[in-house]
Ligand code: SF4
Ligand code: MG
């Protein structure tokens with residue numbers, strides 16, 4: 001089966017003013033050579049600490065920013081090759097949902113109108129059908145039709161989240177990119193939305209990308225997970241493999257540090273996560289995790305490990321996995 005979204009060697013660097021200066025800039029290497037295949041109907045998770053480049057990658061996947069190099073191909077079409085006119089149409093196929101859409105929603109617009117606008121902006125609709133389509137989208141996400149004429153300020157975060165899901169759904173997307181979408185919700189509302197996402201997936205053949213720092217949520221929801229560190233993917237694996245038999249020292253450290261994960265099948269005490277990641281302005285030579293890695297050895301500081309498939313479906317970027325354990329011990 002062909003991937004729904006193919007991310008190939010995507011890089012993104014941006015310029016940021018140096019602290020305490022007016023006109024000196026540094027290059028922040030936010031995303032460094034990310035390659036991913038997102039398969040139809042999967043729940044793909046992307047995890048990492050804040051500052052790892054998740055936000056930039058999210059904006060790239062949603063094509064709100066374009067990569068400096070590399071490509072993103074959706075359903076066989078390279079987004080970078082589209083004219084702006086074709087891109088507008090293509091955008092219906094992939095939608096970004098934010099953590100709390102409240103700020104993104106116009107405050108004096110009714111619920112119905114907000115969902116309607118989504119269609120109006122993107123074109124294709126019949127005026128006469130508009131209200132019917134909006135009510136249908138509301139029903140699909142579990143919003144009562146009575147809310148049609150209400151303002152969003154009286155609604156809960158969960159209801160506002162449903163509005164933004166309805167705004168996306170009405171365009172008949174293939175892929176939903178969820179940026180911490182479930183993080184602001186309490187457990188009960190989170191559970192309900194997870195149920196809704198799963199129902200919508202069965203009905204509409206949806207594919208989800210969950211970008212989150214919440215490992216417990218990702219473990220509950222995602223079928224396959226990529227772990228990001230300093231702008232790169234360091235491990236990609238199926239849910240079970242990642243949580244029960246993580247390969248990369250950073251993944252082990254991340255799982256050890258997660259307060260919400262109860263069972264830790266490996267010896268978590270070996271993998272305390274200490275210190276801060278290096279600055280994305282000064283990326284060190286060799287493995288970018290070496291400064292915090294309890295297993296680092298000589299080669300790690302000079303040679304960058306590549307993300308390699310060590311067993312079927314399990315990718316990791318670490319020299320230890322090349323059978324260099326002996327060298328590490330020496
Ligand atoms: Fe640690 Fe070396 Fe593996 Fe990097 S390559 S994660 S420093 S053991
Ligand atoms: Mg971030």
Self-check item: Given (1) in contact (Cβ under 8 Å) with a residue 40 or more places away in the chain; (2) in contact with a strand residue (DSSP E or B) (Cβ under 6 Å, 6 or more places away or on another chain); (3) more than 16 Å from ligand 2 (Cβ to nearest atom), index of the condition residue 255 fails
Solution: (2)
Quiz prompt | Which numbered condition residue 283 fails, given (1) surrounded by 13 or more Cβ atoms within 10 Å (Cβ to Cβ); (2) outside any strand (DSSP E or B); (3) at pLDDT 95 or above | solution = (3)
Quiz item: Got a sec? Which helices (runs of 4 or more DSSP H) wholly within the stretch 144-250 have at least 2 residues that are without any contact (Cβ under 8 Å) to a residue 40 or more places away in the chain and more than 19 Å from residue 58 (Cα to Cα)?
Solution: 157-169, 187-204, 239-244
Quiz item: If you go through the stretch 39-48, how many residues are touching a helix residue (DSSP H, G or I) at 6+ places or on another chain (Cβ under 9 Å) and away from ligand 1 (no atom under 16 Å from the Cβ)?
Solution: 5
Quiz item: Residues in the stretch 82-92: is at least one within 30 Å of residue 251 (Cα to Cα) and either away from ligand 2 (no atom under 16 Å from the Cβ) or not in a loop (DSSP other than H, G, I, E, B) (or both)?
Solution: no
Quiz item: When you go through (1) at pLDDT 95 or above; (2) more than 16 Å from residue 60 (Cβ to Cβ); (3) assigned to a strand (DSSP E or B) one by one for residue 31, which number turns out not to apply?
Solution: (2)
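Quick grid of which residues meet (1) over 27 Å from residue 26 (Cα atoms); (2) away from ligand 2 (no atom under 16 Å from the Cβ):
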position: 274; (1), (2): no, yes
position: 277; (1), (2): no, no
position: 282; (1), (2): no, yes
position: 287; (1), (2): no, yes
position: 290; (1), (2): no, yes
position: 296; (1), (2): yes, yes
position: 299; (1), (2): yes, yes
position: 304; (1), (2): no, yes
position: 315; (1), (2): yes, yes
Quiz item: Among (1) in a loop (DSSP other than H, G, I, E, B); (2) away from ligand 1 (no atom under 16 Å from the Cβ); (3) in contact with a strand residue (DSSP E or B) (Cβ under 7 Å, 6 or more places away or on another chain); (4) at pLDDT below 95, where does residue 51 come up short?
Solution: (3)
Quiz item: If you check every pair at least six apart or on different chains, which have Cβ atoms under 7 Å apart with a residue in the stretch 49-67 that is touching a residue at least 60 places away in the same chain (Cβ under 8 Å) first and a residue that is within 7 Å of ligand 2 (Cβ to nearest atom) and in a helix (DSSP H, G or I) second?
Solution: none
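The values are calculated or read from the model by the stated rules, or taken from the named source; none is laboratory data. These numbers come from a predicted model, not from an experiment. All Cβ positions, glycine included, derive from the backbone under ideal geometry; neighbour counts span all protein chains shown.
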